[in-house]
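Taken together, the values in this text are just the output of simple stated rules run on the coordinates, not laboratory data. Owing to the predicted nature of the structure, the values given are computational and were not obtained by experimental measurement. Neighbour counts run over all protein chains shown; Cβ positions are idealised from the backbone, glycine included.
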Amino acid sequence: MTIEYLKRADKTAATGEDETRLIVADMLAEIEAGGEEAARAYGVKLDSYDGDIVVGAEAIAAAASQVPAQLKDDLKFAYDRVRGFAEKQRDSMQEFEAELSPGLWAGQKLIPMSAAGCYVPGGRYAHVASAIMSIATAKVAGVENVVACSAPHPKYGGIHPAILYTMNLCGADHILALGGVQGIAAMAFGLFTGHKANILVGPGNRFVAEAKRMLFGRVGIDLFAGPTEVLIIADENADAEMVAYDLVGQAEHGPDSPAWLVTTSRKLAEDTMARMQGLIDALPETQRNAADAAWRDYGEVVLCDTDEEAAQVSDEYAPEHLEIQTDNLDWYVERLKNYGSLFVGEETTVAFGDKCSGTNHILPTKGAGHYTGGLSVHKFIKVVTTQRATRDANRDVAAVTARVSRLEGMEGHARTGDVRLEKYFPDETFQLTP
């Protein structure tokens, strides 16, 4: 197996983690102790915002008046597809009850969580699509109280109008003008709304991702949705310019957003790398600075001898977004195992999924694709089990329970079986030891 790195990253997803943890831990402790005033103080300090935290109907109406008709149509287009895909996911789940043996019935129920906290990034970019991905999906799942938050911007005197409009379009029950760790903390602790989130969802920067990680256990989280990642598998017949555009398109997310190319063609690799800096330099300043740092510090190009090697390398990365631009697409679709979302063929791209095509763009990063998929209706619904049994069924189940429990040394468990056998079958004798 021959794998050659034509470009290797100077930094990894772990870069700066220790400092981030210390900052976030202090903030969460202060906000939990200080409550709403502490959260509000961080909003003033970090976002220069001292207005209303809870966004009211008047502000929502004002935001809607600032959103052009074409953008409203586009947001509806995206909303319809994301909601439609979420509805298909929900329909794929079902409750059931089955008789596993005579008189022993077991089943599952689907119970939506009562409150969800949806984080919508609003700092460097106005991520309206993230509002659709989280809020619409939660509402399709049946969550009763959806609390959404986003960072206020001095330019707008609050949340970006398009984000606010989209939050309302998707059915958010409560909207908070708070970003960053303070927004995550407010939703987790039930500040300003009285509804403590059962689950926190949504992408964000490293501080948001770390806040969710630290709160996990007290609340659920969707996944580790940190700085975005893209990996493209391409062969000798891929379009180098198209590949380069797609890498740059994700690198602009931020200076710590990895963009990786895995290819079986040295020429494709070299042609792609030759185009990268020019495409980055052609971006507007904010996007250019982010993409330049991301490609310089986190970008990698891996040359493999075979398709199997390329698939193995990709699976080791477990990228958030995975594009395949090869001749043998079906082979890769069947072979690949670890990724957040798969984009098959040149005709689709990560940006389609990011914005409007229907699949959710809140996806696992930092290797989490090894053990989880992205945000879905399933994340908001608890799959719980039920059981019922006839008295006759106890003849076998209670006896087996007693014997297994005693083997394990759990006498109290065993006696819960014994007592039922004594009550239901007083004239029978059972073997109750292993």
Using helices alone, what [θ] at 222 nm do you get for the chain, with -39,500 (n - 2.57) per DSSP H run of 4 or more residues, divided over all residues and rounded to the nearest 500? -14000 deg cm²/dmol
Would region 287-359 count as rounded, prolate or oblate if I go by the C-alpha gyration tensor, calling it rounded below 1.5 in a/c and otherwise prolate when a/b exceeds b/c, oblate otherwise? oblate
Taking a ≥ b ≥ c as the square roots of the Cα gyration tensor eigenvalues, with a/c under 1.5 meaning rounded and otherwise prolate when a/b beats b/c, else oblate, which class fits region 227-373? oblate
How big is the Cα convex hull of region 234-275 in projection, averaged over all directions, in nm²? 2.7 nm²
Region 320-368 and region 32-81: distance between their alpha carbon centers, rounded to Å: 31 Å
Tell me, what does the Kirkwood hydrodynamic radius of region 132-247 come to in angstroms if you use every pair of distinct C-alpha atoms? 15.8 Å
With a ≥ b ≥ c taken as the square roots of the eigenvalues of the C-alpha gyration tensor of region 30-189, please select rounded if a/c is under 1.5 and otherwise prolate if a/b is larger than b/c or oblate if it is not? oblate
With a 10 Å Cβ neighbour count serving as the proxy for reagent exposure, in which order, fewest first, do ILE184, ILE233 appear? ILE233, ILE184
If you plug each phi of region 112-123 into the Karplus form 6.51 cos²θ - 1.76 cosθ + 1.60 with θ = phi - 60°, what whole-Hz ³J(HN,Hα) values come out, in order, with x for Gly and Pro? x, 5, 7, 8, 10, x, 10, 8, 10, x, x, x
Can you tell me which of 411-422, 131-142, 348-359, 248-259 comes out highest on packing, and rank the rest after it, using the mean Cβ neighbours within 10 Å? 131-142, 248-259, 348-359, 411-422
Taking the alpha-carbon set of the chain, what are its Rg and Dmax in Å? 25.8, 88
Of 390-396, 157-163, 56-62, ordering from highest average Cβ density within 10 Å down gives 157-163, 390-396, 56-62
For a 28 Å ceiling on Cα separation, which of these pairs sit above it: LYS45/LYS196; LYS139/LYS337; LYS88/LYS155; LYS7/LYS212; LYS7/LYS366; LYS267/LYS355? LYS139/LYS337; LYS88/LYS155; LYS7/LYS212; LYS267/LYS355
Sorting TYR339, TYR5 on the 10 Å Cβ count, fewest up front, what's the list? TYR5, TYR339
If you plug each phi of region 63-71 into the Karplus form 6.51 cos²θ - 1.76 cosθ + 1.60 with θ = phi - 60°, what whole-Hz ³J(HN,Hα) values come out, in order, with x for Gly and Pro? 5, 4, 5, 8, 8, x, 4, 4, 5
Please grab the % of Cα pairs in region 293-434 that end up more than 20 Å from each other. 66 percent
Residues meeting the amide H criterion for LYS382 (H placed from the backbone, H to H distance under 5 Å, 5 or more places apart or on another chain) are ILE111, MET113
